[in-house]
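Presented below is the structure to which this report refers.
The values are calculated or read from the model by the stated rules, or taken from the named source; none is laboratory data. Since this is a predicted model, take the numbers as computed values, not measurements. Here the Cβ is made from the backbone with ideal geometry for all residues, glycine too, and neighbour counts use every protein chain on show. The area values use the complete protein model at the heavy-atom level, side chains included, leaving out ligands, DNA and RNA. Shrake-Rupley method; radii C 1.70, N 1.55, O 1.52, S 1.80 Å.
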Amino acid sequence: SPSDLASWYCGLDAYLSTSSGEAINLAAVEALACGTHLISPVHGGVATYATSDNTVPIQFELAIRKDLIKFYLGLMANITAANVASALDQFVEEFHGRDFPPLTGFTWADSMQAVTSHLNRYFSLAL
């Protein structure tokens, strides 16, 4: 249920996303909306809502991901295990135990409406 999911996010010290690049990354938005810190590459949609107050960035290089070449021809974040480990260390040093207010105005319905709107726009442009 949405309540169980929100409780799960609230129980985390941080939400770790190693996504190479997404338009929205709904799980990351949900975590931030619950007041949970984000550890993620700040690339793609994440760059629109990640701030220095709520996110520890994972360093990356932009590269064409050959494993995704059939599906996407753009540049993706190329992330290494060492960069993830470095971001985790930074989180422990700078953020662990520090609260920040959850995103205001967030509702599950608004989130789904935004996702639907973006998908409709994407598919109308793709056709």
Would you check if Asp53 is part of a helix (DSSP H, G or I), of a type in the set (Asp, Glu) and modelled with pLDDT under 90?
no
Please specify each residue of the range 20-39 satisfying the condition of being of a type in the set (Asp, Glu) and not in a loop (DSSP other than H, G, I, E, B).
Glu30
Does the range 4-19 hold any residues that are open to solvent by 20 Å² or more (accessible area, probe 1.4 Å) and assigned to a loop (DSSP other than H, G, I, E, B), and which are they?
Gly11, Leu12, Asp13, Thr18, Ser19
Do we have any residue at all in the range 109-127 that's at pLDDT below 90, basic (Lys, Arg) and either open to solvent by less than 50 Å² (accessible area, probe 1.4 Å) or part of a helix (DSSP H, G or I) (or both)?
yes
Subset tally (residues that are touching a helix residue (DSSP H, G or I) at 6+ places or on another chain (Cβ under 8 Å) and closer than 18 Å to Val92 by Cβ) for the range 36-63
11
